[in-house]
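**Q** What follows is a single structure, and I will ask about it in a moment.
The values are calculated or read from the model by the stated rules, or taken from the named source; none is laboratory data. Computed from a predicted structure; not experimentally measured. With ideal geometry, Cβ positions are generated from the backbone for all residues, glycine too; neighbour counts draw on all protein chains shown.
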Amino acid sequence: MKSRLAVFMLVFVLMLGAVVTVSAQGMDPCLGLSASDCQILADAEAKAAELTNFTQSFKFSLDIGGLGMLAPGMSTINISASAVDSPFVLDAAKAMDDPTAALAMAMNLKGSISGTGEGDSAGSISFVIVDGVFYAQNPETGQWAGAKLTDVIEAAGSQGLPFDPEALLEGDTSGMDAMGDPTAALEALGLGDLDPMALLNTPGFLGQQRVADASANGQAQYAFESTIDFGALFKSPDFRNLLNGLLQSAAEQDPESAQVAMLLPMFLQGSEASVKLTRWIGQSDMFLHRLVLEVNASIDLNALAGGAGSGSQGAQMEPITLNMVLDVQLSQHNATAAPTAPAGAEIVPLEELMSAAM
């Protein structure tokens, strides 16, 4: 029973992921905005096509709490990463001969992880990409070495990525489009007759507004906030129809799965999830200067345990919570110099490079 519940919950989470993708692709860019505010976003999108280089800084944090009941000894897991003043340059002229040579960037990435029950860890990795070569620095010796970027891309592809990264560098985004095709995902689940786009019209599910202006990089900034509230979605008839279709499909393939169906309303009742994206656009140059993505979710396991027949007299479990924040800041738009290859770096096999850098 527990294994079926785990599989069902996984399918449910994947379905929500498809909904997020549909929302991002199908959301009306002018939703909730006045004509003048919508024009600001349209102008910013047009301006983005002119961007060939910029300097990027970012901070990322992910906290997952409430895992103690599922994995004894594990507390709140925290994963963090950051980088400051990282140049990013795209040279379209080089792409004509070698797409991998068109990208130039450098980053000193710092990260840490704690709360896994296996000890905290932290570290950093410095890398440079230039002229089709991926360079990395040995954190112990400070020495640099490089490997062909094509080898790095091929290795990434062999790790089971659902798209071809080399094709992506060549401008072929068909693999990414397939990833975000909700119709194909539903057909794979036997739900091809359902229309996920209808969910976009759920009142309160999608929202967008212009918020208070700010100041950054020496100029005033327009600010826009977009939101996805799954609480509103869970209560909608269209979502219930989609969910019933999923349950029916699962029951037809495995009648015993119907036992799990009764837990889903409790799961929804005890679950919350929201996504918020805030963007800041320069009023003078109309370039994107900052974006902050926030994801928050909470799952009440007590409802699931009670529905699974565990009784209400046992120990109460704290909810599983997820809080993620990605804060990206861009500066030096079209004024960032391309990085250069580290002095003295040798070209080595990829395996040797990775073992020395990690």
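**Q** Quick one: Thr100 ticks every box in (1) of a type outside the set (A, V, I, L, M, F, W, C); (2) surrounded by 18 or more Cβ atoms within 10 Å (Cβ to Cβ); (3) modelled with pLDDT under 95; (4) closer than 19 Å to Ser124 by Cα except a single one, so which number is it?
**A** (4) is the only condition that Thr100 fails.
**Q** Pairs only if they're at least six apart or on different chains, beta carbon under 8 angstrom, first in segment 80-97 and surrounded by 16 or more Cβ atoms within 10 Å (Cβ to Cβ), second among the charged types (D, E, K, R) and in a strand (DSSP E or B); list them, first residue then second.
**A** Short answer, once both residue conditions are applied: Ser80/Lys59; Ala81/Lys59; Ala81/Lys110; Ser82/Lys59; Ser82/Lys110; Ala83/Lys110.
**Q** For Glu118, only one of the following conditions fails: (1) at pLDDT 95 or above; (2) loosely packed, with under 14 Cβ neighbours inside 10 Å. What is its number?
**A** With (1) at pLDDT 95 or above; (2) loosely packed, with under 14 Cβ neighbours inside 10 Å applied to Glu118, the lone miss is (1).
**Q** Now for a different question. Only one of (1) in a helix (DSSP H, G or I); (2) modelled with pLDDT of 90 or more; (3) surrounded by fewer than 15 Cβ atoms within 10 Å (Cβ to Cβ) fails for Glu50. Which number is that?
**A** Going through (1) in a helix (DSSP H, G or I); (2) modelled with pLDDT of 90 or more; (3) surrounded by fewer than 15 Cβ atoms within 10 Å (Cβ to Cβ) one by one, Glu50 breaks only (1).
**Q** Checking Leu70 against (1) hydrophobic (A, V, I, L, M, F, W, C); (2) in a loop (DSSP other than H, G, I, E, B); (3) out of contact with any strand residue (DSSP E or B) (no Cβ under 7 Å at 6 or more places or on another chain); (4) at pLDDT 80 or above, which single condition isn't satisfied?
**A** Checking Leu70 against (1) hydrophobic (A, V, I, L, M, F, W, C); (2) in a loop (DSSP other than H, G, I, E, B); (3) out of contact with any strand residue (DSSP E or B) (no Cβ under 7 Å at 6 or more places or on another chain); (4) at pLDDT 80 or above, the one that fails is (4).
**Q** In addition: Specify the residue that is farthest from the chain's Cα centre (by Cα); the eligible residues are those in segment 198-226 that are under 30 Å from Arg240 (Cα atoms) and assigned to a strand (DSSP E or B).
**A** Per the criteria, the residue is Gln209.
**Q** Further question on the same structure: Taking the stated definitions as given, is Ala35 more than 23 Å from the chain's Cα centre (by Cα) and at pLDDT 65 or above?
**A** For Ala35, the condition - more than 23 Å from the chain's Cα centre (by Cα) and at pLDDT 65 or above - is met.
A quick yes/no check of all residues on (1) buried (at least 18 other Cβ atoms within 10 Å of the Cβ); (2) hydroxyl-bearing (Ser, Thr, Tyr); (3) part of a strand (DSSP E or B); (4) at pLDDT below 65:
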position: Arg240; (1), (2), (3), (4): no, no, no, no
position: Asn244; (1), (2), (3), (4): no, no, no, no
position: Ala250; (1), (2), (3), (4): yes, no, no, yes
position: Ala258; (1), (2), (3), (4): no, no, no, yes
position: Ala273; (1), (2), (3), (4): yes, no, yes, no
position: Trp280; (1), (2), (3), (4): yes, no, yes, no
position: Glu294; (1), (2), (3), (4): no, no, yes, no
position: Gly309; (1), (2), (3), (4): no, no, no, yes
position: Ser312; (1), (2), (3), (4): no, yes, no, yes
